[in-house]
Amino acid sequence: MSLLSSPTRPTPVEPLERASGRRPGHPALAAVVAALAVFLTLILVFHRAIPDVGGVGLIIDTIIPWLGLLIVPLAVLGLVARRRWSRAAVLVPVFAWALLFGSATVPLSWSAPAANTAAGTTLTVASQNIEASSSTGDESALTLAATGADVIALEEMTAPDFTTVSSTLAEKYPYSFGVGTVGLWSKYPVVHAQPLPLGLGWNRALAADLETPQGLVSIYVIHAASARPGEVSDRDSMLSALAETLPRDENQRVIAVGDFNAALTDRAMSGIEGQLSEANQSGGLFGNTWPSNMPVTRLDHLLQRGMQVTSNTTLSAGASDHRAILTALNL
């Protein structure tokens, strides 16, 4: 038996991550996650600067709030990558989305002023694109009248629709005006009513004053031209013309309501939203209105100045592909 110790093999040194019980990270995946997070942030912040080539700009402007959902798979990939800096990169689009759209999802009911109780000090406006082919304009009008609205605005009407709805609403809404595809019915006198061409060769908008106990309220009812990828010029010209019309309005209280065929995030709305504002939804989120069976965007708006919005909601009426909107204001 030898007195010499048997030679022993050197114990291999394990990588630090394996010795500590952690799996090695994936630096390449982490780099991809960080790059995608930066790219998503740029789209969120500068979506209106994306060229509208082939309708890309229109699509991005319309769905931009939904792009926040892409943060979820990015966050998962960030966890898989096991790099702190990749997880930190995912927070950048989170903050960008929150700054851009977070405030718009806060329920109006949390901060809305109380509705005035004195007679003639409030104004409730209902509006819907009734979809002419639905043949349910009369049904929509009855549903909107049942809300107690003081004013009802309808878009995408036919001439028979105006006649039928006027007959249906005559008792509660004795004042009305209609032209082209838009109509207005009111419990308050409608004065100075006129077509509003907005640069097109046919009437898809009107302008009028509502003679309320608190003074005149200007109201514009809009049925903007359709917008499809590569076909936005008519809609854009209408919205641009409306933006140029608003500064000439002499009334302190102004409302623009109807189907704008544009989300508020659409670049074509920038000139209008710089002068009028749209209130949050009473129950929160975005209050999408189209398509009615599964709304993904809000094409129908009530924008105003000079009043306080006390509630703002959407509702189903008739068989239209648009949900109706209902907004109450303190005069």
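For the reader, a short list of remarks on this structure follows.
- Distances between every pair of Cα atoms in region 71-115, grouped in 10 Å steps from 0 to the bin holding the largest one, split as 25, 33, 22, 14, 6, 1 percent.
- nm² value of the averaged projected area, convex hull over the Cα atoms of region 128-237: 7.4
- Cα extents of region 43-86 along the three principal axes, largest first (Å): 38, 16, 16
- Equivalent ellipsoid, region 237-331 (semi-axes from 5 times Cα gyration tensor eigenvalues, Å): 22, 17, 11
- Scalar couplings 3J(HN,Hα) for region 301-308, obtained by applying the Karplus form with A = 6.51, B = -1.76, C = 1.60 to θ = phi - 60°, are 9, 10, 10, 8, 8, x, 9, 10 Hz; x denotes Gly and Pro.
- Per-residue ³J(HN,Hα) for region 183-192, Karplus 6.51 cos²θ - 1.76 cosθ + 1.60, θ = phi - 60°, Hz, x for Gly and Pro: x, 9, 10, 9, 7, 9, x, 9, 10, 6
- Protein heavy-atom accessible surface, 1.4 Å probe, per residue over the chain: 50 Å².
- Rg over Rh, two decimals, region 176-269 (C-alpha only, Kirkwood Rh): 0.98
- Summarising the strand pairing of the chain, around 80 percent of its internal DSSP beta bridges are antiparallel.
- Peptides 183-192, 228-237, 296-305 ranked from most to least packed, by the mean per-residue count of other Cβ atoms within 10 Å: 296-305, 183-192, 228-237.
- Rg(Cα) / (2.2 N^0.38 Å) computed for region 68-155, rounded to two decimals: 1.88
- Taking amide H as placed 1.01 Å from N in the peptide plane, the amide H of residue 258 sits under 5 Å from that of 222, 301, each at least 5 places away or on another chain.
- Whole-percent carbon and sulfur share, accessible surface of the chain, 1.4 Å: 61
- Among 36-42, 124-130, sorting by the average number of other beta carbon atoms lying within 10 angstrom of each residue, highest first, gives 124-130, 36-42.
- Our compactness index for the chain, the C-alpha radius of gyration over the empirical 2.2 N^0.38 Å, is 1.38.
The values are calculated or read from the model by the stated rules, or taken from the named source; none is laboratory data. What you see is a predicted model, and the numbers here were worked out from it, not measured in a lab. Glycine also receives a Cβ, built like all others from the backbone with ideal geometry; neighbour counts cover every protein chain displayed. Areas reflect the complete protein model, heavy atoms only, side chains present, ligands, DNA and RNA absent. Shrake-Rupley method; radii C 1.70, N 1.55, O 1.52, S 1.80 Å.
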